[in-house]
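Undergrad: Before we start, here is the structure in question, set down as structure tokens.
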Amino acid sequence: MSTAVAVAHPNVALAKYWGKRARPGNFPAVPSLSVTLDGMSTRTRVTFDASLAKDEMVLGGRTASESDHARASMILDRIRRASKEKRFARIESSNDFPTASGLASSASGYAALALAASTAAKAELGIDVVSDLARRGSASAARSLFGGFVELASGAPEGDENEVLPAHQVAAESALDVRVLACVVTEASKTSSSRDGMAKTAKESPYFSAWIDAEHRFFEEMKRALAAGDLATVGELTEKSTLAMHACAMSAGVVYMRGITLELFDVVRELRKSGAQAWGTSDAGPHVKVLVASKDALRSRAVLEAVPGVLRVIESKPGGPARVVEQG
Ligand code: PMV
């Protein structure tokens with residue numbers, strides 16, 4: 001037996017990824033920029049074991065769905081091809097936050113899996129290849145291998161399925177003095193996966209090409225603002241990218257926001273009016289994450305916790321990279 005345990009944090013995209021290239025290999029159609037969140041984590045153990053007749057995957061104590069299992073096996077197959085390890089593996093993964101509900105559990109999940117599996121297989125792939133492997137499970141997962149502020153470029157429109165497209169750190173944890181307040185509004189899983197939502201959006205939204213153009217611009221502007229330490233511009237662009245992504249998805253009938261989501265965006269606008277530096281964002285689920293200057297975090301958190309429908313608020317600083325915590 002050969003085993004390794006890795007821990008990875010989820011990340012929240014400030015400039016959003018939504019939409020894939022029409023080519024195999026899960027390549028994003030737009031570039032994205034995220035911040036890694038230290039307040040939440042996934043812990044994954046991968047054990048290669050000669051007594052197994054197939055790969056096994058347990059998520060939070062339950063057998064994984066067929067689609068999660070297939071994606072994990074695809075990553076394991078790539079690692080087996082790139083190493084001397086040929087045995088099947090058992091994957092045991094757990095999150096300390098709600099799973100599959102738009103809090104980016106797939107990002108930390110596939111990042112931890114790719115790192116634990118390549119370590120257990122003694123594959124020595126290098127962080128770029130591990131990030132690329134995670135991207136094949138869930139594109140946002142490529143970003144969770146890294147700490148601080150992280151970019152994932154858009155893939156080329158055409159090309160070889162095996163092209164390596166990793167994420168990269170663009171700024172350290174300390175680049176902006178911020179917190180992210182994740183307002184949890186349900187413990188339930190989402191009903192439409194981001195993969196299905198993106199496919200439907202690309203097919204049915206009348207605004208899809210406008211979104212692709214706009215997001216390239218948001219990303220470039222945000223990268224410049226981040227390099228200049230300009231939190232206000234990063235925050236404004238975060239809300240713009242979020243609302244543009246959801247407007248595009250909604251126009252295809254893909255609706256992740258709920259009443260409480262929109263209400264929270266209003267609360268965040270009110271916080272700004274009262275002088276706080278705070279901006280909202282949300283992903284493929286109803287929760288709202290609030291990017292806030294550290295000096296305004298305490299007050300903003302109290303306001304958000306008092307909104308009916310908010311179950312709890314998980315506070316994060318910009319977090320560190322994924323790491324191996326056990327090996328043997
Ligand atoms: O990586 P996926 O397939 O789970 O898609 C993530 C999409 C968003 O979370 C909505 C945006 C992003 O860039 O993380």
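The values are calculated or read from the model by the stated rules, or taken from the named source; none is laboratory data. Note that this is a predicted model, so its numbers are computed, not measured. Using ideal geometry, Cβ is built from the backbone for each residue, glycine included, and neighbour counts are taken over all protein chains shown.
Undergrad: Going by the conditions given, is Ser108 within 16 Å of the ligand (Cβ to nearest atom), assigned to a helix (DSSP H, G or I) and surrounded by 17 or more Cβ atoms within 10 Å (Cβ to Cβ)?
TA: yes
Undergrad: Please find, among Thr119, Thr99, the residue that is more than 13 Å from the ligand (Cβ to nearest atom) and either closer than 16 Å to Asp77 by Cα or assigned by TED's automatic domain parsing to the domain that holds Val7 (or both).
TA: Result: Thr119 is the single residue among Thr119, Thr99 that is more than 13 Å from the ligand (Cβ to nearest atom) and either closer than 16 Å to Asp77 by Cα or assigned by TED's automatic domain parsing to the domain that holds Val7 (or both).
Undergrad: Can you pull out the helices (runs of 4 or more DSSP H) entirely within region 190-286 that have at least 1 residues that are under 16 Å from Lys20 (Cα atoms) and within 13 Å of the ligand (Cβ to nearest atom)?
TA: Correct list: 194-204, 208-227, 231-250.
Undergrad: While we're looking at this one, here's another question. Could you tell me whether region 54-72 includes any residue that is farther than 18 Å from Asp132 by Cβ, among the small types (Gly, Ala, Ser), part of a loop (DSSP other than H, G, I, E, B) and within 16 Å of the ligand (Cβ to nearest atom)?
TA: Yes: region 54-72 contains one or more residues that are farther than 18 Å from Asp132 by Cβ, among the small types (Gly, Ala, Ser), part of a loop (DSSP other than H, G, I, E, B) and within 16 Å of the ligand (Cβ to nearest atom).
Undergrad: Scan region 9-37 residue by residue and report those that are charged (D, E, K, R) and over 13 Å from the mean Cα position of the chain (by Cα).
TA: Lys20, Arg21, Arg23
Undergrad: Ok, one more. From the set of residues in region 133-154 that are aliphatic (A, V, I, L, M), in contact with a helix residue (DSSP H, G or I) (Cβ under 8 Å, 6 or more places away or on another chain) and not in a helix (DSSP H, G or I), which is farthest from the ligand (Cβ to nearest atom)?
TA: Val150
Undergrad: What are the residue pairs meeting all of these: first residue in region 140-160, first residue under 20 Å from Tyr110 (Cβ atoms), second residue among the hydroxyl-bearing types (Ser, Thr, Tyr) and surrounded by fewer than 21 Cβ atoms within 10 Å (Cβ to Cβ), Cβ atoms under 9 Å, and 6 or more apart or on different chains?
TA: Listed by first residue and then by second, the contacts come to Gly148/Ser174.
Undergrad: So, in region 25-51, of the ones that are of a type in the set (A, V, I, L, M, F, W, C), more than 16 Å from the ligand (Cβ to nearest atom) and part of a strand (DSSP E or B), which residue ends up surrounded by the most Cβ atoms within 10 Å (Cβ to Cβ)?
TA: Val46
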